[in-house]
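First comes the structure, then the notes that go with it.
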Amino acid sequence: MSYNILAQEPNKIKIPSGVRLGTEMNALVYHGPGSKAWEKKPKPSLLETTDALVKISKTTICGTDLHILKGDVPEVTDGRILGHEGVGIIEEVGSAVTEFKKGDKVLISCISSCGKCENCKRGMYSHCEKGGWILGHLIDGTQAEYVRIPFADNSLYHIPEAADEEALVMLSDILPTAFECGVLNGQVKPGDIVAIVGAGPIGLATLITAQFYTPAELIMVDVDDNRLEVAKKFGATLTINSNNENALEKIMSYTEKKGVDVAIEAVGIPATFELCESIIGAGGHIANVGVHGKSVSLHLETLWSKNITITTRLVDTVSTPMLLKTVTSKKLDPTKLITHRFALKDIIAAYDTFQNAAKEKTLKVILTSE
Ligand SMILES: NC(=O)c1ccc[n+]([C@@H]2O[C@H](COP(=O)([O-])OP(=O)(O)OC[C@H]3O[C@@H](n4cnc5c(N)ncnc54)[C@H](O)[C@@H]3O)[C@@H](O)[C@H]2O)c1
Ligand SMILES: [Zn+2]
Ligand SMILES: [Zn+2]
């Protein structure tokens, strides 16, 4: 994949004369594995006519930000502002932006997409030839007072005036990821037995959005009892703590040895993908959502005859307009996933709470800019 956008980063190029340099702002800056700081950075400026400058109202922290801080995502360089989720108000738009104007309230998609390249035209925004997942990754992100959003017309969504902004922050990444990579790719159908391995924010969002299709059973597997309790409240029909119980045996006996129709992996480690391979029934779908850093064994010696489908996906955010309607009409309430709230300036404390999820009983944190 080419990331031409890199060439547009202010610290990578000579700023052409006539481009206004912004004043200062505060932002959460990555300084290599294990190191981050809330510090002054230049306020971003428009670099392309298709850009918008957004003043952040609310943002959050993602499990992927923790992966970056661990050093698992080496293309993130020292000095990068993290974050790929949020809502805000348009401060300024480039001359080619037609759908947004100063003062509009917007939802920021975690995927920036030009809408014009071959991959965008087939709805695969995650693999946009000029964008994709770049925010808080290859260009500066949303854990800041201001963010520059490339391809604003295709990467931002209008927010209805009365909408709950905290609910909408869950639409930047969590809900479309769970729905597209888990539920749609898993082809969840009415009456299905669905197992979701991993009850983090993504696994729980998968549990919520799978219920659009009225599956018969929703089995949740995790190692954190608090998260499994939350899963029960959100509609899980069976919960299994795989540290205390043999998840494979329990699921096979629960399904009378048939296995499940859909197994959704929402952790990102070999053991949990292999559990999905062991519990899948004939004709079933294994939908991988987790980000994997290690290779995983593919057990074709047992799977070859089972007529199963295995899917992988980077979230495209093509379902965002649909999910936005389900949230604003209150058919879906993603605020159930929010456990903690902080001022944006207290983001270091918010990271601590998010990192100690089991102890603090954290799911999603909301950061509000003053
Ligand atoms: N495909 C995509 O586009 C995409 C987008 C966003 C996030 N993700 C990935 O989705 C995954 C889930 O995200 P999240 O934010 O919910 O992460 P998270 O770390 O909050 O949740 C993972 C859950 O897995 C549980 N777990 C750990 N080891 C386990 C085991 N052996 N068995 C059962 N459960 C176990 C943890 O207790 C936790 O509840 C991550 O890998 C994340 O990077 C993928
Ligand atoms: Zn994310
Ligand atoms: Zn594109």
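The values are calculated or read from the model by the stated rules, or taken from the named source; none is laboratory data. Bear in mind the structure is a predicted one, so any value in this text is a computation, not a measurement. Please note: Cβ atoms are built from the backbone with ideal geometry, for glycine as well, and neighbour counts cover all protein chains shown.
The single condition from (1) within 11 Å of ligand 1 (Cβ to nearest atom); (2) under 22 Å from Glu277 (Cβ atoms); (3) surrounded by fewer than 23 Cβ atoms within 10 Å (Cβ to Cβ) that Leu184 fails is (1).
Checking the stated criteria, Asn356 turns out not to satisfy the condition of being touching a residue at least 12 places away in the same chain (Cβ under 8 Å) and either more than 16 Å from ligand 2 (Cβ to nearest atom) or closer than 22 Å to Asp224 by Cβ (or both).
Among residues of region 200-224 that are farther than 23 Å from Cys62 by Cα and touching a residue at least 24 places away in the same chain (Cβ under 8 Å), those with a beta-carbon under 7 Å from a residue that is surrounded by fewer than 24 Cβ atoms within 10 Å (Cβ to Cβ) and basic (Lys, Arg) at least six positions away or on a different chain give the pairs Tyr213/Lys189.
No other residue among Ala178, Ala144, Ala195 is within 16 Å of ligand 1 (Cβ to nearest atom), more than 14 Å from the chain's Cα centre (by Cα) and buried (at least 20 other Cβ atoms within 10 Å of the Cβ) apart from Ala195.
Filtering Leu303, Leu324, Leu332, Leu367 for residues that are away from ligand 1 (no atom under 13 Å from the Cβ) and closer than 28 Å to Tyr30 by Cβ leaves a single hit, Leu367. Quick check: is even one residue across region 157-166 buried (at least 20 other Cβ atoms within 10 Å of the Cβ) and over 21 Å from the mean Cα position of the chain (by Cα)? Checked against the condition, which is being buried (at least 20 other Cβ atoms within 10 Å of the Cβ) and over 21 Å from the mean Cα position of the chain (by Cα), region 157-166 yields no hits at all.
All of (1) in contact with a strand residue (DSSP E or B) (Cβ under 8 Å, 6 or more places away or on another chain); (2) buried (at least 18 other Cβ atoms within 10 Å of the Cβ); (3) assigned to a helix (DSSP H, G or I) hold for Thr362 with one exception: (3). Of all residues in region 56-88, those being surrounded by fewer than 16 Cβ atoms within 10 Å (Cβ to Cβ), away from ligand 2 (no atom under 16 Å from the Cβ) and either closer than 22 Å to Ile338 by Cβ or among the polar types (S, T, N, Q) (or both) number 1. Would you please name the residue that is surrounded by the fewest Cβ atoms within 10 Å (Cβ to Cβ), looking only at residues in region 89-101 that are farther than 24 Å from Ala167 by Cβ and of a type in the set (A, V, I, L, M, F, W, C)? Checked region 89-101; the qualifying residue surrounded by the fewest Cβ atoms within 10 Å (Cβ to Cβ) is Ala96. When we screen His285, His292, His299 for residues that are over 19 Å from Asp173 (Cα atoms) and either modelled with pLDDT under 95 or crowded, with 20+ Cβ neighbours inside 10 Å (or both), the only hit is His285. Strands (runs of 3 or more DSSP E) fully within region 24-76 that include at least 3 residues being under 27 Å from Ile202 (Cβ atoms): 24-30, 52-59. Looking for whichever is acidic (Asp, Glu) and either within 16 Å of ligand 1 (Cβ to nearest atom) or under 28 Å from Ala167 (Cβ atoms) (or both) here; the options are Asp78, Asp104. Which one fits? Selected residue: Asp104, the only one of Asp78, Asp104 that is acidic (Asp, Glu) and either within 16 Å of ligand 1 (Cβ to nearest atom) or under 28 Å from Ala167 (Cβ atoms) (or both). Filter region 184-198 for residues that are away from ligand 2 (no atom under 16 Å from the Cβ), in contact (Cβ under 8 Å) with a residue 60 or more places away in the chain and not in a strand (DSSP E or B) and give the result. If the condition is that a residue be away from ligand 2 (no atom under 16 Å from the Cβ), in contact (Cβ under 8 Å) with a residue 60 or more places away in the chain and not in a strand (DSSP E or B), then Leu184, Asn185, Gly186, Gln187, Val188, Lys189, Asp192 are the ones that fit.
From the list Glu370, Glu360, the lone residue that is modelled with pLDDT under 95 and more than 19 Å from the chain's Cα centre (by Cα) is Glu370. Taken over region 299-345, residues that are among the β-branched types (Val, Ile, Thr), within 18 Å of Phe212 (Cβ to Cβ) and within 16 Å of ligand 2 (Cβ to nearest atom) amount to 3.
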